[in-house]
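Below is one structure, written out as structure tokens, with a few remarks after it.
Since every read-out is calculated from the coordinates, none of them should be taken as a lab result. Bear in mind the structure is a predicted one, so any value in this text is a computation, not a measurement. Note that each Cβ is placed from the backbone with ideal geometry, even for glycine, and that neighbours are counted across all protein chains shown.
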Amino acid sequence: MNDTVANPGDAARALLSTPGTTLARTLGALKTLEPLLPAERQTSLGLSSNVNIDLLATYLRKQGVLAGTRVTACTGSHDDVLGDLARFTAAGLQSMVYLPFFDNLLPAFEQQIVHLPPEQIDDLEQSLRQRWHLLFSQAGALRYLLVGTLHRLGTAVDTGVPDPVQAVLDRFNAALREEAAPHRSVRLIDTEAIVRQLGLRSAVDLRFYLRSTTPYTAAFLDELAQRVAQATRGFDTHYYKALVLDCDNTLWGGIVGEDGPDGIAIDPHSYPGRVFWRAQLDFLALERQGVLLCLCSKNNAADVDEVLVHHPGMVLRPQHIATARVNWDDKASNLRAIAQQLNIGLDSLVFVDDSAFECESVRSALPMVQVLQVPAQPSDYAQLTHTLKSMFLAGGVSAESRDKTAQYRQRDAAEQARSQFASHEDYLASLQLSVAIACNDEANVDRISELTQKSNQFNLTTLRQSPADILQRMRQADRWVLSLTVADRFGSAGLTGVVLARKLEQTLVIDALLMSCRVIGRGVEFALWPALVDLAAAQGCHAIEARYIASRKNAQVADFYDRAGLALHNDQPDHKVYRQLLADFQPKTIAWIQVTT
Amino acid sequence: MINEQALKDVMAAVLEVEVDLISEATSMDTVEAWDSIKHLTLVLAIEEEFGVSIPDEDAADITSYTLIRLVLDEQLKRRAA
């Protein structure tokens, strides 16, 4: 154990991550840590409610610091969510938290319900619906609109029949969910779940509610802020893609190399086998939602294969594992290899191991990897899987992400096929690659936005776009959203490339060009140029303009436009502008790819 | 005995001023940031830090350093007794 702390920043950070740190100490730690954050990492939120939730700002700042970004939050007017939205948008705030408080919809609403004629409650529901409808349809400029669902302030006496207050609450929440559903930027946060988790007495403080309409305790707001951070992927600071699991005492109980395949604990009917069986069900559920599962274990590969393929108690099977590194190398090297093979950044990995030594060595060698240790008590394992679910899923999942593992495995099969061919081109031809280019395909707005958010390496300008941004581009004249769907004989890689273009006078300007690294290296990135030239010509353009803006991760495309044959127009260290007259442009032909538009 | 330094630390943190500025003379009138909203946060923070519950009737009225110290001292003695 290390009791001495290196610097005040570390001490303050430790305070913030410790549950139960008091409000005053939290504020003190924020004062120390906020000035240390990089200046470019910041975000702003507006808070809107029909009760006073000022203190939420403090806990949002805390979550911001923990995620490495400076959060500024400002409070709106009392019970004026539409006015707040207009003011927040005008002030350039990026996101908004809206927390309607059930008991204050009307004064003492929970007590009033039994006295109100049903028509009046219907009226109220209608007017709320209209307000929500307006709010959600006008919130397109926001990155996120985080909306708390309604919860009760009191508890019902159990009379044996359905409680009228609960019935109204359920109706209103259903209306809220229904109105929110079509809107991509709206994320609901389940406040009833927070109240259940903390207990009503720890979540609301009637003293402050009755005196000054300030119902929530610090504990409630702390938890709410944490859920906001999860729903926004740490205010857009992370996007976890792969879960890397150790095997012994992580996937199963015991050590397969010593206990043998029959000696390990993994089955639904005994202890501790059922602890691991439950955990594997959770891992598999994550895989179904698009999380890539990988193994990183110090073992003989044959032992682990034997268990994966044949052990009757296993939930996870070889087809669920995107890639495995089972060997005696150090785990940091194996994690690097996994990231490289999947073509994702190390900061997209979450690593789980039971050994404190392995966890610590990965933390120190690869601080960008999120490391979680399996709890010492088997009964605490569910907390770990819960944490994993919030890390991977709370930000939402798009349908296309769901068969990720299958797509990566196809790519692997393709890699293996490569070795049989005389030349790389023969091999590429054998793949029967095809690229379908769609223009302004509104059905894929979510996936396109997701790709702009997630792609780092093959991304020329790293322009992040919300679904609303993409939709706006699609619907504007003189702007085009091109999306590429790549397939080969092994299967479809899905929508894996995006080009955002616009016409400026007689030039086609490429605002963004990005691809999932899964499809790079086969010529797809060059096969799209004839389509771009056609688009430019059809729009009466004489030239194409494009730029490369350096980020921490996109060095591999620094010379992409040079390779594509565009003329360099202005060369600055981190920012290159290319301008190419169509008359002099001969895009490469990629014989082995069939392009359809 | 009340830990005055701890009390000053809490007040400084919540009111966002340097701790040297908290003195016998500090009150809602002398600290710009100390409005009715901040006041709630302050009461909450003091209760949490010292493990006491300040009675409803006092909570709104303790609008200066000396008043807070007085009420806090009472609550700490009550808890000890």
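Observations
- If only the Cβ of Lys and Arg carry +1 and only the Cβ of Asp and Glu carry -1, the dipole of segment A:114-177 around its Cα centre is close to 440 debye.
- Radius of gyration and Dmax over the Cα atoms of segment A:1-64, both given in Å: 13.8, 47
- Karplus-derived 3J(HN,Hα) values for segment A:298-313, using 6.51 cos²θ - 1.76 cosθ + 1.60 with θ = phi - 60°, are 8, 7, 7, 4, 5, 4, 5, 4, 4, 5, 4, 7, 10, 5, x, x Hz; glycine and proline are entered as x.
- In the protein assembly as shown, taking the dipole from charged Cβ atoms about the Cα centre, the farthest positive-side position among A:Gly257, A:Gly154, A:Pro375 is held by A:Gly257.
- Packing, as the average of other Cβ atoms within 10 Å across residues, places the peptides B:40-53, A:527-540 in the order B:40-53, A:527-540, highest first.
- For A:Val371, the residues 5 or more places off, or on other chains, whose built amide H falls under 5 Å of its own are A:Phe351.
- Nearest-0.05 FRET efficiency for A:Ala337 and A:Leu582, computed from C-beta distance (R0 56 Å): 0.80
- Fraction of antiparallel bridges per DSSP, the protein assembly as shown only, in percent to nearest 5: 45 percent
- Stokes-Einstein D (µm²/s) once Rh is taken as the Kirkwood radius of segment A:120-257 over alpha-carbon pairs, at 10 °C in 1.306 mPa s: 87 µm²/s
- For A:Asp562 and A:Trp328, a Förster radius of 51 Å and the Cβ-Cβ distance give a FRET efficiency of 0.75, rounded to the nearest 0.05.
- Listed by chain and number, the lysines whose alpha-carbon sits under 25 Å from that of A:Lys241, ignoring those within fewer than 8 places in the same chain, are A:Lys62, A:Lys298, A:Lys331, A:Lys389, A:Lys404, A:Lys454, A:Lys553.
- For the peptide B:13-21, the mean number of other protein chain Cβ atoms found within 10 angstrom of a residue's Cβ is 2.
- For trypsin sites (Lys or Arg not before Pro), the sites in segment A:553-589 that DSSP calls loop and that have at most 13 other Cβ atoms within 10 Å are A:Lys588.
- Along each principal axis, Cα extent of segment A:7-139, largest first, Å: 63, 33, 18
- Dipole of the protein assembly as shown [Lys/Arg +1, Asp/Glu -1 at C-beta], most positive-end residue of A:Leu188, A:Tyr427, B:Thr66: A:Tyr427
- Helix-only [θ]222 nm of the protein assembly as shown, DSSP H runs n ≥ 4, -39500 (n - 2.57) each, per residue, nearest 500: -13000 deg cm²/dmol
- Computed from the Cα positions only, the extents of segment A:334-380 along the three principal axes stand at 35, 19, 15 Å, in decreasing order.
- Straightening the chain between A:Ser77 and A:His115 buys 10.7 nm, computed as 0.36 nm per residue apart minus the Cα-Cα spacing.
- Segment A:278-318: projected area of the alpha-carbon convex hull, averaged over directions, in nm²: 3.1 nm²
- Label point distance in nm, A:Ser390-A:Ala406, each placed 7 Å from Cα along Cα→Cβ: 3.2 nm
- For the Cα trace of segment A:220-296, dividing Rg by the Kirkwood Rh returns an Rg/Rh value of 1.13.
- With distances taken between every two different alpha-carbon atoms, segment A:431-483 has a Kirkwood hydrodynamic radius of 11.9 Å.
- Computed magnitude of the charge dipole of chain A (debye, nearest 20; Cβ of K, R +1, Cβ of D, E -1): 1160 debye
- Distant-in-sequence amide contacts of A:Asp205, defined by a placed amide H-H separation under 5 Å and a gap of 5 or more residues or a different chain, comprise A:Tyr216, A:Thr217.
- Once the convex hull of all Cα atoms in segment A:40-91 is built, its volume per residue stands at 61 Å³.
- Using the Karplus relation 6.51 cos²θ - 1.76 cosθ + 1.60 with θ = phi - 60°, the per-residue 3J(HN,Hα) values for segment A:455-470 come to 6, 10, 7, 9, 8, 6, 10, 6, 8, 7, 10, 6, x, 5, 4, 5 Hz, with x marking Gly and Pro.
- For residues of B:36-46, the mean tally of beta carbons on other chains within 10 Å: 5
- Two-decimal Rg/Rh across segment A:102-175, once Rg and the Kirkwood Rh are taken from alpha-carbon atoms: 1.03
- Across all directions, the average flat footprint of the convex hull enclosing the Cα atoms of the protein assembly as shown is 37.4 nm².
- Dipole in debye (nearest 20) - segment A:524-565, about Cα centre, beta carbon charges: Lys, Arg +1; Asp, Glu -1: 240 debye
- Inter-chain shielding of A:27-33 (mean C-beta neighbours from other protein chains, 10 Å cut-off): 3
- In chain B, taking the dipole from charged Cβ atoms about the Cα centre, the farthest positive-side position among B:Ala13, B:Met28, B:Leu76 is held by B:Leu76.
- Cα-based Rg of segment A:232-372 normalised by 2.2 N^0.38 Å, two decimals: 1.02
- The reciprocal of the average 1/r between distinct C-alpha atoms defines the Kirkwood hydrodynamic radius, which for segment A:464-589 equals 15.4 Å.
- Computed P(r) (all Cα pairs; chain B; 10 Å bins; percent): 19, 59, 21, 1
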